[in-house]
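Here's the structure we're looking at; comments come further down.
The values are calculated or read from the model by the stated rules, or taken from the named source; none is laboratory data. From a predicted model like this one, the values you see are computed outputs, not experimental measurements. Virtual Cβ from ideal backbone geometry, glycine too; neighbours counted across all protein chains shown.
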Amino acid sequence: MKRFPFIICLVFLFLLALAGFVSADSPETTATTPENTGGYIFFETSPTGATIWLDNVNIGTSPFTYHSDKTGAVEVRVQKKLFEDYTRTVTVIEGERVFFRAQLSPVPSVTMDPATPAVVVTTATITKKDSAVTVPTPWPTATPESPTDPAVVIGAAAAGIGFFAIRRR
């Protein structure tokens with residue numbers, strides 16, 4: 001009767017390991033089904049980090065690949081701070097991947113006319129001693145995922161229980 005918990009623990013660990021191997025082998029991405037229509041557009045900008053608008057809809061920040069259900073010509077607008085807007089059309093071909101590359105130009109610096117007088121602006125800073133300022137900190141918007149598979153955690157707990165059961169004999 002003392003071997004019964006040990007055998008149960010071994011069977012549980014075997015099933016847990018089997019489930020972990022199956023979950024590790026399962027694909028994380030979905031395959032393209034025949035019902036999907038449209039094509040893919042790979043957006044790349046120089047410099048990276050520009051906002052991409054497709055037919056006046058914000059779809060992301062470069063570089064990335066986007067699946068469009070719409071085929072044919074679509075309008076693309078690329079925006080980034082301190083750079084001029086870039087607008088072009090791209091033709092989406094059904095079932096194919098199209099590359100869209102945008103070389104952004106910096107906004108020319110504003111030059112001041114020497115005949116325009118400069119305006120002097122003065123600011124005053126008032127500080128009050130013995131006062132505490134509290135700055136609210138925002139809550140995190142998303143919790144990061146654990147890098148450990150849940151099956152591994154459960155397996156480690158089961159192994160610990162199994163060793164504890166064997167040790168109690």
So how many residues does segment 50-84 have that are among the hydrophobic types (A, V, I, L, M, F, W, C) and closer than 12 Å to Y40 by Cβ?
-> 1
So A102, is it in contact with an Asp or Glu (Cβ under 8 Å, 6 or more places away or on another chain) and either part of a strand (DSSP E or B) or of a type in the set (V, I, T) (or both) = yes
Test A151 against the stated conditions and say whether it is out of contact with any Lys or Arg (no Cβ under 9 Å at 6 or more places or on another chain), surrounded by 13 or more Cβ atoms within 10 Å (Cβ to Cβ), within 30 Å of F12 (Cα to Cα) and at pLDDT below 85.
-> yes
Residues T89, T127: which one is of a type in the set (S, T, Y), farther than 30 Å from V11 by Cα and at pLDDT 70 or above?
-> T89
If you take just the strands (runs of 3 or more DSSP E) that sit entirely in segment 25-81, which of them hold at least 3 residues that are surrounded by 13 or more Cβ atoms within 10 Å (Cβ to Cβ), among the hydroxyl-bearing types (S, T, Y) and modelled with pLDDT of 90 or more?
-> none
Meets criteria (at pLDDT 65 or above, assigned to a loop (DSSP other than H, G, I, E, B) and surrounded by fewer than 10 Cβ atoms within 10 Å (Cβ to Cβ)) for V135 | no
